[in-house]
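Novice: I am attaching a structure below and will ask some questions about it afterwards.
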Amino acid sequence: MCGIFAYTGPDATAGAIVLEGLKSLEYRGYDSWGVAIRTADGTISVIKHTGKIGSAKLPHIVSHTALGHTRWATHGGVTQANAHPHLSSDGKIVLVHNGIVENYQTLKRELQELGYAFRSETDSEVIAHLIAETRKSVSDPVACVRTAFERLIGMNGVVCYFADDDTFVAVKNGSPLVFARAGKARLLASDPAALAPHSREVLFLEDGDCIAISPDGDTYYGADGMKKQMVFQLLDFDPEDAQLNGFPHFMLKEIHEQPELIRRITEAQEEAVKKAAVMIRESYGTYLVGCGTASYAALAGTYLFSKIAGRHVNFSIASEFAYLTQFIRERSLVVPLSQSGETIDVIDGVRDAKMRKARIMTITNVQGSSLFRMADYALLLGAGPEKAVCSTKAFTAKVALLLLIAHELAGNRERGQETLKQAAAAVADVLDRKDELRALAERMHHRDHLFVLGRGVSYPVALESALKIKEVSYIHAEGFAAGELKHGVIALIEQGTPVLIYNPDDETYHDTLSAAHEVKARGAYVIGVSSRNSDVYDAYFHIDDCADATIIPNVVVAQFLGYYLAVLKGFDPDKPRNLAKSVTVK
Ligand code: G6P
């Protein structure tokens with residue numbers, strides 16, 4: 001949520017470098033953007049705009065130092081004044097911020113009484129003035145930022161540039177910040193993927209850590225204020241993976257990456273899967289937690305563990321988990337699922353569970369992320385950067401891993417690998433027949449409502465499918481357990497209402513078919529997704545049966561429908577309105 005990028009180094013096009021960095025971070029927020037550039041005479045030039053960066057270019061200013069921000073609005077509307085960077089009154093301190101300053105009103109009043117005038121409605125501008133005020137008594141930039149930062153309540157990441165000292169100071173508590181060296185250049189960003197084109201070795205700042213970059217060199221400080229050794233990590237992906245590579249949108253590209261990804265997970269994750277199974281076996285209660293798409297993968301996990309391994313595994317939406325941690329004790333195992341590894345609601349719940357001495361086994365796509373670092377053991381999805389705001393390949397990767405772990409627990413690893421191979425082939429088949437799904441989308445894109453039904457493990461897939469469709473196409477889509485139909489949902493069915501029904505050839509088949517008849521009798525346009533056709537379907541999309549892994553090709557159907565519905569309605573599927581990929585605020 002909000003992207004930060006800063007550069008200082010020998011290249012004289014610092015502004016353009018920062019702009020490119022912001023473009024790669026734009027999925028973190030695209031309400032507005034801004035860049036501050038240090039000009040040759042040491043003054044600061046700020047350029048800010050509302051809306052997406054798109055193909056924006058900056059006027060050429062010779063500069064070796066710049067910092068920028070792409071915003072997801074929290075405090076204050078989407079206006080140019082509220083866009084970052086924010087400046088101190090004398091224009092000599094530049095600030096970009098990610099997070100929420102919970103006590104900003106108190107601090108703002110205090111600063112106003114001291115005579116500070118505010119240009120924006122943001123909580124972020126408060127930090128710029130607070131640092132300027134602190135500097136009056138604490139001249140060292142690091143000590144000054146630290147002193148001011150300690151007064152902020154909330155989870156925040158701040159990068160501050162002192163023009164007079166030509167010094168950056170970055171500090172964080174909760175919101176991610178990553179540092180890299182590339183030759184003589186120094187860079188900071190909210191996300192390692194943005195640094196990958198410059199360097200594959202990055203340093204993830206820990207909470208409370210602080211880094212100073214000045215003409216004298218760069219220095220790293222721990223939360224105790226003492227100098228700390230920098231430990232860099234090698235990124236596990238190629239910068240090329242973060243490019244469109246010929247696809248019109250990242251969402252489409254990432255959907256297409258799934259067959260290969262599932263095959264890779266099947267083959268390459270054996271050791272990680274074994275270790276995860278042992279941790280679950282040894283636990284006294286396992287809890288899968290996640291937000292959004294990750295929460296539906298977690299819910300699917302509860303069905304897979306129950307059915308495949310006869311094991312009760314708990315599930316909670318991460319934002320609700322904090323209200324359920326009374327059950328957590330020393331032998332509990334908490335399994336946060338998170339593509340980014342930075343979702344604040346997940347981090348909060350995990351922090352609480354850690355205080356109760358639970359063990360943490362993270363499943364994430366981002367090496368070095370907060371949840372990766374908080375874990376006793378972390379499994380990496382290895383899906384490469386996921387850039388579209390809505391999650392596709394990270395979902396199927398999580399489900400594939402959970403399915404393998406469930407089979408490992410049940411002592412039939414080969415069976416798990418076999419079904420996943422079938423699933424990879426079935427996804428490839430969906431890719432080959434995507435035009436059928438485009439035709440279906442053409443039929444439905446004028447509808448206001450759409451429903452998705454499934455039973456058993458297809459229920460979380462119905463939820464995920466509805467989320468996929470609504471978040472990119474803005475059609476009101478709801479997923480339901482097919483059995484709940486008669487308890488209210490059926491009142492919403494009208495003549496022609498599209499109802500997507502997942503009906504794999506498993507123990508749910510006949511009951512789900514009854515649901516199809518019930519909605520059809522009330523005028524629904526029924527789309528059956530199954531390995532078995534039926535007269536009840538107005539439209540039928542064949543999916544090869546892959547036992548418990550059938551949910552993987554099934555969800556790809558909805559990924560395509562969402563994508564095509566968005567494109568047909570003229571929306572950008574990669575950047576849906578109001579959303580951001582990495583939700584680092586509450
Ligand atoms: C946001 C994204 C979703 C994602 C969710 C959880 O809401 O738009 O696509 O599923 O965050 O993100 P995580 O990184 O924790 O998986």
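Novice: Taking the chain as the reference, fit the longest principal axis to its C-alpha atoms, fit the long axis of helix 434-444 to the helix C-alpha atoms, and give the angle between the two in degrees, 0 to 90, nearest 10.
Specialist: 90 degrees
Novice: Calculate the all-directions average of the projected area of the range 292-440's alpha-carbon convex hull, and give it in nm².
Specialist: Mean projected area for the range 292-440: 9.8 nm², to one decimal.
Novice: In whole percent, and with a 1.4 Å probe on the protein chains, what portion of the accessible area of the range 90-191 is carbon and sulfur?
Specialist: Carbon-and-sulfur percentage of accessible area, whole number: 45.
Novice: Helix-derived [θ] at 222 nm for the chain: sum -39500 (n - 2.57) over DSSP H runs of at least 4, divide by residue count, nearest 500? Don't skip to the end; give the middle numbers.
Specialist: On the way: 18 runs with 213 residues, N = 586.
That comes out to -11000 deg cm²/dmol.
Novice: Ratio of the range 315-354's C-alpha Rg to 2.2 N^0.38 Å, to two decimals?
Specialist: The value comes to 1.07.
Novice: Further question: Which angle between 0 and 90 degrees, to the nearest 10, do you get for helix 393-410 versus the longest principal axis of the chain when only C-alpha atoms count?
Specialist: 60 degrees
Novice: Roughly speaking, what is the stretch gain from Val78 to Glu113, that is 0.36 nm per residue apart minus the C-alpha to C-alpha distance, in nm to one decimal?
Specialist: 9.9 nm
Novice: Rounded to the nearest 10 degrees, what's the angle between the helix 458-473 long axis and the longest principal axis of the chain, both from Cα atoms, 0 to 90?
Specialist: With both axes taken from Cα atoms, the answer is about 50 degrees.
Novice: At 7 Å along Cα-to-Cβ for each site, give me the label-to-label distance between Asp216 and Arg577 in nm.
Specialist: 5.2 nm
Novice: Here is a further query. So what are the ³J(HN,Hα) numbers for the range 549-563, from phi and the Karplus equation (6.51, -1.76, 1.60; θ = phi - 60°), rounded to whole Hz, Gly and Pro as x?
Specialist: Going residue by residue, I get 7, 4, 4, 5, x, 4, 5, 5, 4, 6, 4, 5, 4, x, 4 Hz, with x marking Gly and Pro.
Novice: Would you mind calculating the relative contact order of the range 241-432 from Cα pairs under 8 angstrom and at least 6 residues apart, reporting the percent as a whole number? Before the final figure, lay out the partial values.
Specialist: Details: 337 pairs, mean separation 56.4, N = 192.
Relative contact order for the range 241-432 comes out at 29 percent.
Novice: Here is a further query. What is the count of Lys pairs in the range 241-432 whose alpha carbons sit under 22 Å apart, if the two are 8 or more places apart or on different chains?
Specialist: Taking the Cα cut-off of 22 Å, the pair count is 17.
Novice: If you don't mind, there's one more thing I want to ask. Report the gain in length on full extension from Arg373 to Ser139: 0.36 nm times residue separation, minus Cα-Cα distance, nm rounded to one decimal.
Specialist: Length gained, Arg373 through Ser139: 80.9 nm.
Novice: Would you kindly calculate the translational diffusion coefficient of the chain, applying Stokes-Einstein with the Kirkwood radius from alpha carbon pairs, for 10 °C and a viscosity of 1.306 mPa s, and quote it in µm² s⁻¹ without decimals?
Specialist: 64 µm²/s
Novice: Also: For the range 170-246, just the Cα set please: Rg and Dmax, both in angstrom.
Specialist: 13.2, 48
Novice: Follow-up question, since we're still on this one. Leaving out ligands, DNA and RNA, and with a 1.4 Å probe, what % of the accessible surface on the range 297-380 is carbon or sulfur?
Specialist: Carbon with sulfur: 50 percent of the solvent-accessible area.
Novice: Here's something else I'd like to know. Enter the accessible area of Glu133 (Å², nearest 10), with the probe set to 1.4 Å and all protein chains included.
Specialist: Accessible area, nearest 10 Å²: 50 Å².
Novice: Using Cα-Cα distances under 8 Å and only pairs 6 or more residues apart, what relative contact order does the chain have, in percent?
Specialist: On the way: 1304 pairs, mean separation 68.6, N = 586.
Relative contact order here is 12 percent.
Novice: Using a basic spin-label model with each label point 7 Å from the Cα along Cα→Cβ, how many nm lie between Asp535 and Glu271?
Specialist: The modelled label-to-label distance comes out at 5.8 nm.
Novice: To the nearest Å, what is the center-to-center distance of the range 341-394 and the range 245-296, using C-alpha atoms only?
Specialist: So the two Cα centres are separated by 12 Å.
Novice: In square angstrom, what is the accessible area per residue of the range 241-432 with a 1.4 angstrom probe?
Specialist: On a per-residue basis, the range 241-432 sits at 36 Å².
Novice: Another one. Val46 versus Asp164, label points 7 Å from Cα toward the beta carbon: distance in nm?
Specialist: So the two model labels end up 1.8 nm from each other.
Novice: Sort His69, His49 from largest to smallest accessible area, using a 1.4 Å probe on the heavy atoms of the protein chains.
Specialist: Details: His69 0, His49 85 Å².
Ranked list, largest accessible area first: His49, His69.
Novice: A further question on this structure: Want the number for Asp224 to Asp241: 0.36 nm per residue separation, take away the alpha-carbon distance, what's left? Walk me through the numbers before you get to the answer.
Specialist: Numbers: separation 17, 0.36 × 17 = 6.12 nm, distance 3.76 nm.
Net length gain for the segment: 2.4 nm.
The values are calculated or read from the model by the stated rules, or taken from the named source; none is laboratory data. Since the structure is predicted, the reported quantities are computational estimates derived from the model, not experimental observations. Cβ: placed from backbone, ideal geometry, glycine included. Neighbour counts: every protein chain shown. Note: areas computed on protein heavy atoms with side chains; ligands, DNA, RNA excluded. Shrake-Rupley method; radii C 1.70, N 1.55, O 1.52, S 1.80 Å.
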